[in-house]
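Enquirer: I'd like to ask you about the structure that follows.
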Amino acid sequence: MRTLALVAVSLLILATPMASVAQPGGHSAYQSMPYGHFCPGMGMGPYGVHRPVSTADEAKQVIERYFSSCGQALHCGKIEEKKLYFEAEILDRNGTMVDEAIVDKRTGRIRSIY
């Protein structure tokens, strides 16, 4: 029993430094993703709004606002309402679909699903 406890404590001590080195400076792998990182601040962040979204028009506004704040020449196309989210086509200036995104109804979070 003592040996098992010693092994468990040793593994815990060895794993702790690796976890802190895995993401130096608090940066994550998601910084290079097109929809930014999650919850960077209050209000509108690079990942959407931090409040519920209840209509397709509101979801379209969230997406349009996101792309205009990023300086990208993209806009929202057809939006389909699902049970927990809105699914939207992301179109370039020529009307070609370049992505599909969802806007979570509960959080206003934008995620690419393409």
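Enquirer: List the residues of the range 94-114 whose backbone N lies under 18 Å from a point placed 7 Å from the Cα of Lys78 along the Cα-to-Cβ direction.
Expert: 94-103, 113-114
Enquirer: Suppose each label sits 7 Å from its Cα in the direction of the beta carbon; what would the Ala8-Phe67 distance come out to in nanometres?
Expert: A separation of 5.3 nm, rounded to one decimal place.
Enquirer: If each residue's Cβ is checked for other Cβ atoms within 10 Å, how do Tyr66, Tyr114 rank with the fewest at the top? If you can, show how the numbers build up before the last one.
Expert: Working: Tyr66 24, Tyr114 10.
The most exposed by this proxy come first: Tyr114, Tyr66.
Enquirer: I would also like to ask the following. Taking Cα pairs under 8 Å and at least six residues apart, what relative contact order does the range 55-108 come out at, in percent? Working shown, then result.
Expert: Working: 81 pairs, mean separation 15.2, N = 54.
The value is 28 percent.
Read-outs: derived from the displayed coordinates by stated rules, not from any lab. This structure is a prediction, so every number in the text was calculated from the model and none was measured. Positions of Cβ are generated from backbone atoms using ideal geometry, with glycine treated the same way; all protein chains shown enter the neighbour counts.
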